[in-house]
Amino acid sequence: MNFIGEHSLWALAGRFFTYLAFTGALGTALFYGLNWLRPGACSGPDELGRPKAAHEPFLRAGRAAFALHSIGVVGILTVLLTAILSHWFEFDYVWRHSSRDLPLEYVFSALWEGQEGSFIIWIFWHAVLGWFLVRGAKTWEHGTMTVVGLVQLVLTSMILGIYVFGIKVGSSPFVLIRELPENLGLPWTTIKDYMIRIPAFRDGQGLNPLLQNYWMVIHPPTLFLGFAATLLPFAYAVAGWIERRPLEWVTPALPWAYFGVGVLGTGILMGGAWAYEALSFGGFWAWDPVENASLVPWITLVAAAHLMFIVKKKKTSGGLTAIMAMLSFLLVLYSTFLTRSGVLGDSSVHSFVDLGLNGQLLLLLGLFSVGSLILLLVRWRSLPRSNADEAFSSREFWLVIGSLVLLISAVQISFSTSIPVLNKLIGPEGLVPILGEAMAPPTDVFRHYHSIQIPVAIVVSLFMAMVPFLRWDSTPNALLKRILPSLLVSLVLGGLAAWGLKFDQPMYTVLLITGIFAALSNLDLWLRYQGGGWRSGGQALAHLGFAFILLGALISNGKKVAISQNPVFLHKDFPANEHILIPLGDTVSMHPYWVEWTGERVEGHFQIFDVNFYGTAEDQSPGKKLFSLAPYIQMNPRMGNVREPSTKHYWDRDVYTYVSFADMRSPEEKASGWTEEMDATMGRGEEVFVFEEYMMRCDSIIVKSAQMIEETGDLATLDMAAKLTLKHMDGRKETIEVPYAVRGNEASPGEAEFANLGVKVRFDGVSDEPGRFKMKFWRKAPEEQEFILLQAFIFPYINVLWLGVVLMAIGTALAVAKRIAGPKPAPKP
Amino acid sequence: MKRNHLIALVVIAFLAGALMVTIQDASTYATFEMASKKTPESVTVVGQLDLEEPITFNASTSMLRFTAVDKDGARSIVYYNQPKPTDFERSEEITLTGLSSGDTAFFAQNILMKCPSKYADEAQFSSK
């Protein structure tokens, strides 16, 4: 049947591209694999450095298949984007994630809001990165591309949306609402013009208001590019280990590992920037499981990337390096499982909804984990053995220790994040009930994670400060002395800073000093010993950036001040909280400011609250208006209201505020002043107990005048009134008359007020029961002063954090560029 | 290789230590009854809002008071010294972390709400 207004051809095209991408991936894995695993192929390159030419046809077929796969992926993206841009709400995905009033820039956010969309962007980046392997991996091409093909095969299966033997395989973004399983066979699905007839198809549900933020336009693609980048070291490692080249794979994988470190790190902190700007939990990091799930692969990737240097230079540590590289990719898969399976439902504010793909996700994860593990076990013996211990003063020794420290950090975060998973496995209702009671995530997440992560950060920053000064093999003492100036300066600077910022926790003070040490020593290394040029600056700048991230996070969080202290004393064990009440037009003290709430206005979906900050005597500007902030509440009838902060940025601090509570009734509701509507049916002489404190009595029904139409005997006009007496429990009494009139066919209910008692009555007419009448009562709302609750923080030196992110991104980019552009047999000095 | 083995042992020891600390820190899912026995330990209670009972919010102290029903069907008054979450009444399920006063009330430090899925609207197609 042809449905009017439906773009079923496009849906078909989308499906076609999905199948094309799927079969393309299958072909990639198959043909590259055949070329790779044929006898003799694992012995490395031929004399020209190319894969052996004898099986050129398979190689060409593999490339062609990957080209088809890529066309499919681009096609999927194009169709989905077109559908969202054109508001084709017959598509379930478009209907769920977008609406007509969605601003153009958020079309992309809508594209990757859902699970299917985020899989697509992930697949897309894999396809893009795959081409770099095709173009530049040379002898590694067939091995790495076989892995890429397999990964793409599994990932595209997640968006297939077909049923195999009754089991759902993947969820397609091209399903029409008409085709959803729950709608199959419903009468409307056979109506030709259902799109026009059913009003729900005129507009979609809209994008979650939380995601309507510019960070949400760039954060997901950056994060997924970072995720995708972990595939390349993984593919190289797998290829290398299968080919019995357990060390050589490191050289081509190294730039990609650093590319991943830079992009994933930036992507994660872009998410932090979004949380800081759009969410009102007051900070850029909350140790939320979803955040943790993306942080852990980054940590292991950092470890892998650093270990790769040892493999490259010293031909040792090959096993640990491969483990870390493989783990990074596997942890990305695991994080996908965590965030998409719905298993985090109880513990995270922003996990995806379960799409019924858990089995498939687990299979994917299990397949790759078990495969990697078997590969490592089987080929462990092919690692070259070295019996010598590394020297105590060698760079390689400390790099290994550093990566193990990172591993401890990753394990703790993973473990705590996985508590819901552990419950499913070994909880009282799990697969193997070991635990007596279900574990819950720690109640104070900050204390919990910081207890391990701050010591780790201290050790890591110490290593960052010192290891770059060490030499391979062993370091002469003369070179060690180069660290001393920055150590001394950072002890003094750190001490002064700790005193100036009033640090009182010893751990924080230590981290402050080691963080400054890491920043200074890397700067020193770059400027004094590496010439200070851009080409050589990658390592130092990236380290400097990460030291800044640590310092910025430490100071802005450790010294975050809630300036909105509620002055009401509750109980000695119940600390007054950090939400302050401001009546409309009033000014309250929020040390060091006076804060005034001047009013609210509605702009589109936003209810904006205007708040002025005035100086106090303390900063020599008493009464001077310093700045205004406009925190707002985003109103979305479907998804609820969202409180959004507003922040004043100074170079050395942010003043951050949001409305934590506001009366969100409409102005009409507030103005009417009548609440607690209740219905009653009353007859003459009857009494009703109203509002739990009044007795309402219907004294009489008075007909004042009535005119009949003589010919028909119908009522032409009628004027009547109900005489009501309202008696309060305390004895106050009032009697009024409520009119009711009929003119021809039109009835006009009358209203009247018990002015002294504050109750309003409407006479709604005759009830179905003879002799009884319908009434409505309201009571006067108590006069209320309009108010809001405000929470405000000062985040000192949070810009150090953002500067760190930029520096780290630049640093890793420089390091990658150096390795790509370097002279062909790139010897590193 | 002696020192490498030593390092491995030290790392494993640290790892074990970190995990011990982590496990000690984990809270437990409890009912109100279990929570009252565990006072002053913090626990996590999953339950529902009792809409029959009054939900009051005192803005000047920003104290929210409501009644929750846990998975066993037991009721408890809950105090939450934070602003009332938006759409609180619409929540399908609430996860409370905090501690029981021992007898009558539960003091929540944190509330996580599970709101009706935004896909709930989809049912409108099924009913046509």
Next item on the list: Among the helices (runs of 4 or more DSSP H) lying completely within the stretch A:483-580, list those that include at least 3 residues that are more than 33 Å from the chain's Cα centre (by Cα).
Entry: A:484-500, A:506-524
Next item on the list: Give the residues of the stretch B:79-90 that are within 10 Å of another protein chain (Cβ to nearest Cβ) and not aromatic (Phe, Trp, Tyr), sorted by residue number.
Entry: B:Asn81, B:Gln82, B:Pro83, B:Lys84, B:Pro85, B:Thr86, B:Asp87, B:Arg90
Notebook entry, point to check: If a residue has to be within 10 Å of another protein chain (Cβ to nearest Cβ) and aliphatic (A, V, I, L, M) to count, how many in the stretch B:54-78 make the cut?
Noted result: 3
Check: Name the pairs: first residue in the stretch A:115-128 and touching a residue at least 12 places away in the same chain (Cβ under 8 Å), second residue part of a helix (DSSP H, G or I) and among the β-branched types (Val, Ile, Thr), Cβ to Cβ under 7 Å, at least 6 apart or on different chains?
Finding: A:Ile120/A:Ile76; A:Ile123/A:Val73; A:Ile123/A:Thr156; A:Phe124/A:Val73; A:His126/A:Val148; A:His126/A:Val151; A:Ala127/A:Val73
Margin query: A:Ile434 - would you say it is surrounded by fewer than 20 Cβ atoms within 10 Å (Cβ to Cβ), within 32 Å of the chain's Cα centre (by Cα) and within 14 Å of another protein chain (Cβ to nearest Cβ)?
Written below: no
Item checked: Neighbours by Cβ (under 9 Å, 6+ apart or cross-chain): first from the stretch A:798-825, of a type in the set (Lys, Arg); second part of a helix (DSSP H, G or I) and at pLDDT 90 or above -> A:Lys818/A:Pro255; A:Lys818/A:Gly538; A:Arg819/A:Leu254; A:Arg819/A:Pro255; A:Arg819/A:Tyr258; A:Arg819/A:Gly538
Next item on the list: Being assigned to a loop (DSSP other than H, G, I, E, B) and modelled with pLDDT under 85 is the filter here, so list the residues in the stretch A:159-179 that pass it.
Entry: A:Phe165, A:Gly166
Notebook entry, point to check: Inside the stretch A:703-808, counting only strands (runs of 3 or more DSSP E) that do not spill past its ends, which hold 3 or more residues that are more than 14 Å from chain B (Cβ to nearest Cβ), among the aliphatic types (A, V, I, L, M) and touching a Pro at 6+ places or on another chain (Cβ under 9 Å)?
Noted result: A:715-728
Next item on the list: Could you tell me which numbered condition A:Asn183 fails, if it satisfies all but one of (1) within 14 Å of another protein chain (Cβ to nearest Cβ); (2) within 29 Å of the chain's Cα centre (by Cα)?
Entry: (2)
Item checked: Positions within the stretch A:22-74 being under 19 Å from A:Trp249 (Cβ atoms), at pLDDT below 80 and surrounded by 15 or more Cβ atoms within 10 Å (Cβ to Cβ), in sequence order -> A:Ala41, A:Pro51, A:Lys52
Check: Looking at the stretch A:346-357, is at least one residue assigned to a helix (DSSP H, G or I) and modelled with pLDDT under 95?
Finding: no
Check: For B:Leu51, are the conditions met, namely being modelled with pLDDT of 85 or more, more than 11 Å from chain A (Cβ to nearest Cβ), out of contact with any Lys or Arg (no Cβ under 9 Å at 6 or more places or on another chain) and not in a helix (DSSP H, G or I)?
Finding: yes
Next item on the list: Scan the stretch B:13-29 and give yes if some residue there is away from every other protein chain (no Cβ under 11 Å), closer than 17 Å to B:Ile111 by Cα and not in a loop (DSSP other than H, G, I, E, B), otherwise no.
Entry: no
Notebook entry, point to check: What about A:Ser414, is it crowded, with 21+ Cβ neighbours inside 10 Å, among the small types (Gly, Ala, Ser), within 29 Å of the chain's Cα centre (by Cα) and more than 9 Å from chain B (Cβ to nearest Cβ)?
Noted result: yes
Note to self: Can you tell me which condition B:Val43 does not meet? The list is (1) under 27 Å from A:Ile633 (Cβ atoms); (2) at the interface with chain A (Cβ under 8 Å from one of its Cβ atoms); (3) modelled with pLDDT of 85 or more; (4) in contact with a Phe, Trp or Tyr (Cβ under 8 Å, 6 or more places away or on another chain), and all the others hold.
What the structure shows: (1)
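The values are calculated or read from the model by the stated rules, or taken from the named source; none is laboratory data. Computed from a predicted model, the values in this text were never measured in an experiment. Backbone-built Cβ (ideal geometry, glycine too); neighbour counts: all protein chains shown.
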